[in-house]
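The values are calculated or read from the model by the stated rules, or taken from the named source; none is laboratory data. Model, not experiment: these values are computed from the prediction. We place every Cβ from the backbone using ideal geometry, glycine too, and count neighbours over all the protein chains shown.
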Amino acid sequence: MKIHRFFFVLAIAATVSLSSAPFASTKGDPTSDFDFWQGDWKVTVRAALPDGSWQTAEGQGSALKVAGGNAHMESLDTGEYKSRGIRAFNVATGLWDYTMFDNLQMKGLKVWSGKFTDGVGVFEAKLALPTGVEADTRIIIDSIEEDSFNWRFELSMDGQDWRTVMKMDFRRNR
């Protein structure tokens, strides 16, 4: 099933319930924040459509630690959509810089910056929408368990009212 391109591009191309995270920021070392993501995953991707419904696609993802643990690389493939991402820990700011690139309408790299607090990762950036209007955007990673986690992409026109336009549920391959 094809994902509606506008929202898919909006959510990723210019580039998830709260719970404690057993693997995030263990032992006070922020470079371990993304250790939970290492390995191979089944991914359910949901993209918001203009009518308020959601379109769903299934795919596979993987992630690995690189550069001595200070960076992580990820991949996602749903058939129609293929992306790669990289997250690097910035020792100067104490934040993670997170970017993604894909096979859809790439218009350069966008970097979200943020960190994990109480098991929830929040990464923020300004993003020019296809309409030319600039919006506040954020990626939220939460509900982190040993074999699952959620990822979502939200946008706001005023920095206060947020709308989820894409969700991904990750389940570890066994």
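From the list K65, K115, K110, K167, the lone residue that is buried (at least 16 other Cβ atoms within 10 Å of the Cβ) and touching a Pro at 6+ places or on another chain (Cβ under 8 Å) is K115. Taking the condition hydrophobic (A, V, I, L, M, F, W, C), more than 20 Å from W162 (Cβ to Cβ) and surrounded by fewer than 18 Cβ atoms within 10 Å (Cβ to Cβ), does L104 pass? Taking the combined requirement at face value, the residue satisfies it. Within segment 32-43, one or more residues are farther than 15 Å from V120 by Cα, of a type in the set (A, V, I, L, M, F, W, C) and at pLDDT 90 or above. Scanning segment 28-45 for residues that are touching a Lys or Arg at 6+ places or on another chain (Cβ under 7 Å) and closer than 13 Å to F170 by Cα yields Q38, G39, W41, K42. Select from segment 128-142 the residues that are surrounded by fewer than 18 Cβ atoms within 10 Å (Cβ to Cβ) and out of contact with any Asp or Glu (no Cβ under 6 Å at 6 or more places or on another chain) and write down the one among them that is modelled with the highest pLDDT. Here the residue is D136.
Among residues of segment 29-54 that are closer than 15 Å to W151 by Cβ, those with a beta-carbon under 6 Å from a residue that is among the small types (G, A, S) and part of a loop (DSSP other than H, G, I, E, B) at least six positions away or on a different chain give the pairs D33/A24; D33/S25. Just one of the listed residues (A67, A63, A48, A92) is over 22 Å from R172 (Cα atoms) and touching a His at 6+ places or on another chain (Cβ under 9 Å), and it is A48. The single residue among F123, F89 that is closer than 24 Å to R46 by Cβ, surrounded by 14 or more Cβ atoms within 10 Å (Cβ to Cβ) and in contact with a strand residue (DSSP E or B) (Cβ under 9 Å, 6 or more places away or on another chain) turns out to be F123.
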